[in-house]
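Asks: Okay, here's the structure, questions in a sec.
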Amino acid sequence: MAYFRDSFALTIEESLVSLESDPLAFVLWAFPWNSSALRALGPEPWQTKLLEDIRDGLPLGMAIRQATGSGHGVGKSACVSWLILWAMSTIPDTKGVVTANTENQLRTKTWAELGKWYNLFIAKDLFRLTPTALLPANRDLERTWRIDQIPWSERNTEAFQGLHNQGKRILLIFDEASAIPDIIFDVSEGALTDADTEIIWAIFGNITRGTGRFRACFDESQTFWRTRCVDSREVSFTNKAQIAQWIAHYGIDSDFVKIRVLGQPPAQGEMEFFNAREVDEAMQREVEPFGALALGVDVARFGTNFSVIFPRRGRDARSISRQRFQGISTVDLAQKISEASRDLRADGILIDGGGVGGGVVDQVRHMQLHCFDVQFGGKPSKFSEHDTQGEAYANKRAEMYGSLRAWMRSGALPNEPEIRQQLLSITYTFNPKDEIILTSKEVMMREGKPSPDDIDALATTFAFPIEPKPVRFGGYPVQEPSQSEYHPYEFLSKNDYNPMELS
């Protein structure tokens, strides 16, 4: 540890050297436990186990990955601070990045807690803590030896892509990881490629969402992450009276208690529009196809997206396969819609007419087929075949999704992982009028979520009421012609009026 400049600190240096592979021993040594400043004998049991897991994984040919889901008030920010100080102070030229769900959380919670423990740290004089970084006291070393706090951005991921430190140590920490976009997880994987490097990736937070990379860490099928769910009731300093009140009010099996107390994944994540349990039930449910057949069409707006024709007959959206097209022109898509309408004897065609979808609407009407032009951003029509529980919607898209959600409680969906992922990726918020508004497709894609092309197409079938068409002899429905524009002289032909009589 010749990097340290103060000869006064030689005994501290030697201690730090001895603790480079034991974060638990470091924590017990580095802070004044049982003093008036802490009034504790050491870490909580869950913190101890996490530190032991990291200790027992060093050194390792692969990265150590720890995912911790927790209830409120369990001391996760303290544990984050200990890991930062241990990683930085026990091996020279360590590099690290710390991020959180929001810049405010990173600055006022994560980094503020680090400041508290830095001030208690026995070796604090060997390091400098700035508003954005933990650095060695020797300024000549800060280019290669530092841990930075960096707010994430989908448009600027270089800080996470470029985290390499061949042959030394890398620390990567995500705080409140449930709300960190998948794309940040994806690019951070690049730091795991350095050979002969000690890599620790630790992520923490309430599991507020039913999808995403943080939630996926807790799937039984995954093998990369060592996980734990920390129950607030088992931590010594939590407010047990408040926790008991929550459980009595919401119920032990409620998502509120799962997220905020038990540290477990919810059935339906916060601000997620669809419930995972209801989605799974709809994918297993058998129903009788009955009622009008509606064709919902979502028109792709970007090259990587799909145009989708999604048939639904009453409660059945599974029996008839949807059609998906990538890179198809509006003319060709209109032809596909016409063929599907003819082959399936559709009772109604509903097309997302926003943007390039307007061209598809025009083409279909040019073929003398009636179709509904569905404007996702238009006003809600306050129509629903299903009980939407008095919900208020900001626009037509939110209203259609509300009808889809209500329908799903008795409907049948295709049992496909892609459909499930799209449904559970839909999030929402409220506008100033307390109306539901969905996160846009463009924002979802920037966050690394799948584009909900299939679900937009299915939701479109709920835009307007569709009635079964009258059936001619032979079982073929009457095809309605497309609606034409108003013609000012139309009444003349209806009344057999002869213009020559004016002369």
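Asks: Taking the stretch 397-410 as the search range and keeping residues that are in contact with a Lys or Arg (Cβ under 8 Å, 6 or more places away or on another chain) and buried (at least 22 other Cβ atoms within 10 Å of the Cβ), which one is farthest from Glu286 (Cα to Cα)?
Replies: Glu399
Asks: Now for a different question. Counting just the residues of the stretch 302-317 that are within 24 Å of the chain's Cα centre (by Cα) and assigned to a loop (DSSP other than H, G, I, E, B), which one comes out surrounded by the fewest Cβ atoms within 10 Å (Cβ to Cβ)?
Replies: Top of the filtered list is Gly303.
Asks: Now a separate question. With (1) surrounded by fewer than 17 Cβ atoms within 10 Å (Cβ to Cβ); (2) touching a residue at least 40 places away in the same chain (Cβ under 8 Å) as the list, and Arg128 as the residue in question, which single condition is left unmet?
Replies: (2)
Asks: Show the residue pairs that are 6+ apart or on different chains and have beta-carbon atoms under 9 Å apart, the first residue being within the stretch 167-196 and at positive phi, the second being part of a strand (DSSP E or B) and hydrophobic (A, V, I, L, M, F, W, C).
Replies: Every condition considered, the pairs that remain are Glu176/Ala100; Glu176/Phe204.
Asks: Can you list the helices (runs of 4 or more DSSP H) found entirely within the stretch 180-293 that contain at least 2 residues being touching a strand residue (DSSP E or B) at 6+ places or on another chain (Cβ under 8 Å) and under 30 Å from Thr90 (Cα atoms)?
Replies: Filter on the stretch 180-293 gives 182-188.
Asks: I need a count of the residues in the stretch 48-76 that are assigned to a strand (DSSP E or B), of a type outside the set (Gly, Ala, Ser) and within 22 Å of Trp117 (Cα to Cα).
Replies: Of the residues in that region, 2 qualify.
Asks: A further question on this structure: Counting only residues that are closer than 30 Å to Thr102 by Cα, give me the helices (runs of 4 or more DSSP H) lying completely in the stretch 354-464 with at least 3 of them.
Replies: 396-408, 417-425, 441-446, 453-460
Asks: Quick one: which residue in Ser81, Ser89 is modelled with pLDDT of 95 or more, within 23 Å of Val230 (Cα to Cα) and hydroxyl-bearing (Ser, Thr, Tyr)?
Replies: The unique qualifying residue is Ser81.
Asks: Go through Ile328, Ile337, Ile320 for me and flag whichever is among the β-branched types (Val, Ile, Thr), at pLDDT below 95 and not in a strand (DSSP E or B).
Replies: One residue alone meets the criteria, Ile328.
Asks: Please state which one of Asp140, Asp148 is in the same structural domain as Thr197 (by TED's automatic domain parsing), exposed (fewer than 15 other Cβ atoms within 10 Å of the Cβ) and out of contact with any His (no Cβ under 9 Å at 6 or more places or on another chain).
Replies: After applying the criteria, what remains is Asp140.
The values are calculated or read from the model by the stated rules, or taken from the named source; none is laboratory data. Everything quoted here is computed from the prediction, not taken from an experiment. All Cβ positions, glycine included, derive from the backbone under ideal geometry; neighbour counts span all protein chains shown.
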